[in-house]
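See structure below.
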Amino acid sequence: MEFTHAQPWIVKSIKQRTLLNAWQRLATDAGRIPALNEFQPEELTGELPDTIFYDVVHDTDPPRFLITKSGERLRESFGFSGVGRFIDESMDPKLWAITQVIYLKCIETRRPVYSQFRIDDVKGREVKYERLTLPFVSGDDVNALIASIKAFRWDGAYELKDLMLPRGAEPVYELRAVIDAPNPADPGFSDTLEV
């Protein structure tokens, strides 16, 4: 699975961009990846329906991801809550195989990872998904991830219920990118990191 490197403004969702900006401010101020308890942006409250929180468990190789919180829109889309369970035990194995790579890349690079993919709803309408995954540390290890997942359709409504349950067609990824630190020399740079 190929990953590109990208600047923060590749993230299209304004709400996801706001979360990314908050993460980057903490990382810049601290000179390191923030801990989860440091990440308290006001904007997070409005994002909770589209957000999954994970504890990263390093007892195995590769690490596993324990779901600690799951937003209601994601529960509807995935068809399960999963809170208190490992995601590899909750998600369809085919979907997990392509999702796991993104989470592992986030841990490996210790950077946010952004991805875009498309999938059909139960009526065959194409739906776009954007996922922003943010890493958090305890000591030297990435011990938590937050994934914000947005579904949308440019030209109308779609069926969210069970959208991510397998129906034969796997998600088609259009982009997988590690978000680099902002580059002041880039024309899109904003030193305030605001959207």
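The values are calculated or read from the model by the stated rules, or taken from the named source; none is laboratory data. Only a predicted model underlies this, so the values are computations on that prediction, with no experimental measurement involved. All Cβ positions, even for glycine, are placed from backbone atoms using ideal geometry, and neighbour counts span all protein chains on display.
Things to note:
- LYS69 being surrounded by fewer than 16 Cβ atoms within 10 Å (Cβ to Cβ) and part of a strand (DSSP E or B): yes
- Every residue from the stretch 1-30 that is over 16 Å from ARG131 (Cβ atoms), under 16 Å from the mean Cα position of the chain (by Cα) and among the hydrophobic types (A, V, I, L, M, F, W, C): TRP9, ALA22
- Contact annotation: residue pairs with Cβ atoms under 7 Å, 6 or more positions apart or on different chains, pairing a residue in the stretch 92-110 that is closer than 15 Å to ILE146 by Cβ with a partner that is surrounded by 16 or more Cβ atoms within 10 Å (Cβ to Cβ) and among the polar types (S, T, N, Q), are ILE102/SER115; ILE102/THR133; TYR103/THR133; CYS106/THR133.
- Answer residue from the stretch 46-64, given it is assigned to a helix (DSSP H, G or I) and of a type in the set (Asp, Glu) and is farthest from the chain's Cα centre (by Cα) among those: GLU47
- Scanning the stretch 132-179 for residues that are aromatic (Phe, Trp, Tyr) and either within 24 Å of ASN21 (Cβ to Cβ) or loosely packed, with under 13 Cβ neighbours inside 10 Å (or both), we see that the one that is modelled with the lowest pLDDT is TRP154.
- When the residues of the stretch 84-95 are filtered to those that are modelled with pLDDT of 85 or more and of a type outside the set (Asp, Glu), the one that is surrounded by the most Cβ atoms within 10 Å (Cβ to Cβ) is ILE87.
- Subset of the stretch 10-45 (residues that are among the hydrophobic types (A, V, I, L, M, F, W, C) and not in a helix (DSSP H, G or I)): VAL11, ILE33, ALA35, PHE39
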